[in-house]
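One structure is given below, encoded as structure tokens.
Derivation of every value follows stated rules applied to the coordinates shown; laboratory data play no part. Since the structure is predicted, the reported quantities are computational estimates derived from the model, not experimental observations. Backbone-built Cβ (ideal geometry, glycine too); neighbour counts: all protein chains shown.
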Amino acid sequence: MIRLGLCCIFLKEPVKFQHTTAGIVKALEDRGAQILKLSGIALHNSRALLEAVKSCKRLNIGAFRVLSQLLPLYSHPECGYELDDLPAAKKIRKNFAAVKKFAGDNNIRLSFHPDQFNILSSPREEVVANSIRELAYQCLVAELIGADNVNIHMGGVYGDKKAALKRFITTFKYVPDLIKRHLTLENDDISYTPEDLYPLCMETALPLVYDVHHHRCLPDGLSVAEATAKALETWKLAGREAHFNISSPGCGWGSKNPRVHADYIDFRDFPAEWTRLAVDFTLDVEAKAKELAVMELSRQLKEKDLR
């Protein structure tokens, strides 16, 4: 079975998440007003998340990538807070528990994909410390809602890719167990390929989220079939269902920047190798048309008798 996943937001469904910025919150007159605003947004988002998983069930979408700022500015150095600091904490926890139950009862897989500033391989201690704080927040919420992966990129190479990989391994040894339970690594389209990440993933028992679009933008010595097989090894080692990503270039593979995502998946970009896999896996559809793109890919897979 291929479990198709939606990333963060809907295009047509009436499910909307709220956002804010540190500037807006810091402009409020006192800490009490700040907490009240943050509590209201967090409560709204907890309700929206429950509606999101219900919409996924109705649309036959099997996975949902949760918005990183579900609890806005939670780990911010000036505006941050603990969940129980919020006046609506009990209601938020109740909604999160309802999300966990609904997703579990209906086999909807939940995950997070933190922003790219979360870098455990950085040579700067403050960047690593901020990253650990943010990842701890997202892993905490992952446990509350029953989410699986909290997926990140390696980040920059800082002039020495091997040294950066070693720094990641060293840092990972000391991160909280909460993070270790949820963290996954994804190959990117600028710096780190599946071939780069596979040895690290096997050494640390971290699953590799294979992004086939990124791999095509930044090829290495591996074919799609070989990269898929290596990624599956890491998921088998972790004892979890594999998780992959797919997207298509917005202006075609011959464009100057094929990294930009298209509205829909060009079915020619769906790897033929994946049609022969003998394991279940989750496939996040990274496309601007959101749930419409997921449903269209589902239709094409059914038409080809692949799903």
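Taking a Cβ cut-off of under 14 Å around ASP84, the surrounding Lys, Arg, Asp and Glu residues balance to a net charge of +2, with basic ones at +1 and acidic ones at -1. Taking the range 93-144 on its own, what percent of its Cα-Cα pair distances exceed 19 Å? Here the long-distance tail beyond 19 Å is 41 percent of all Cα pairs in the range 93-144. Relative contact order, whole percent, for the range 189-307 stands at 22, derived from Cα pairs under 8 Å and 6 or more residues apart.
Farthest toward the positive end of the dipole of the chain, out of LEU208, SER131, GLY40, is the Cα of GLY40, where the dipole comes from beta carbon charges about the Cα centre.
DSSP assigns beta bridges within the range 189-307; of those with both partners inside it, close to 10 percent run antiparallel. Each distinct pair of alpha carbons in the range 189-307 adds a 1/r term; the inverse of their mean, the Kirkwood radius, is 14.9 Å.
With helices as the sole contributors, the chain gives -14000 deg cm²/dmol at 222 nm; each DSSP H run of n ≥ 4 counts as -39500 (n - 2.57), and the sum is divided by every residue.
Taking GluC sites (Glu not before Pro) in DSSP loop conformation with at most 12 other Cβ atoms inside 10 Å as exposed sites, the chain has its longest uninterrupted site-free stretch at 83-307.
Alpha-carbon geometry of the range 29-159: the Rg and the Dmax are 15.8, 48 Å, given in that order.
Among rounded, prolate and oblate, which fits the range 45-85 when a ≥ b ≥ c are the square roots of the eigenvalues of its C-alpha gyration tensor, a/c under 1.5 means rounded, and a/b larger than b/c means prolate? Prolate is the answer for the range 45-85, as a/c is 1.5 or above and a/b outweighs b/c.
Taking trypsin sites (Lys or Arg not before Pro) across the range 1-108, the ones in a DSSP loop with at most 13 further Cβ atoms lying within 10 angstrom of their Cβ are LYS12, LYS16. Counting only the Cα atoms, the chain fills a convex hull of 139 Å³ per residue.
Could you let me know the centre-to-centre spacing of the range 243-285 and the range 115-154, using Cα atoms, in angstrom? Going from one Cα centre to the other spans 26 Å. Partner aspartates and glutamates whose Cα lies under 20 Å from the Cα of LYS57, excluding those fewer than 8 positions away in the same chain, are identified as GLU13, ASP105, ASP148, GLU241, ASP280, ASP284, GLU286, GLU291, GLU296.
In plain terms, the chain is cut at each of the chymotrypsin sites (Phe, Trp or Tyr not before Pro) found in a DSSP loop with at most 14 other Cβ atoms within 10 Å, and the longest leftover piece is 1-116. Summarising the strand pairing of the chain, around 5 percent of its internal DSSP beta bridges are antiparallel.
Counting only aspartates and glutamates at least 8 places from LYS37 when in the same chain, those with an alpha carbon closer than 19 Å to its own are GLU29, GLU78, GLU82, ASP84, ASP85.
Output the pairs from LYS54/LYS161; LYS90/LYS230; LYS26/LYS166; LYS12/LYS100 with a Cα-Cα distance over 31 Å in this structure; if there are none, say none. Cα-Cα > 31 Å for LYS54/LYS161; LYS90/LYS230; LYS26/LYS166; rest within.
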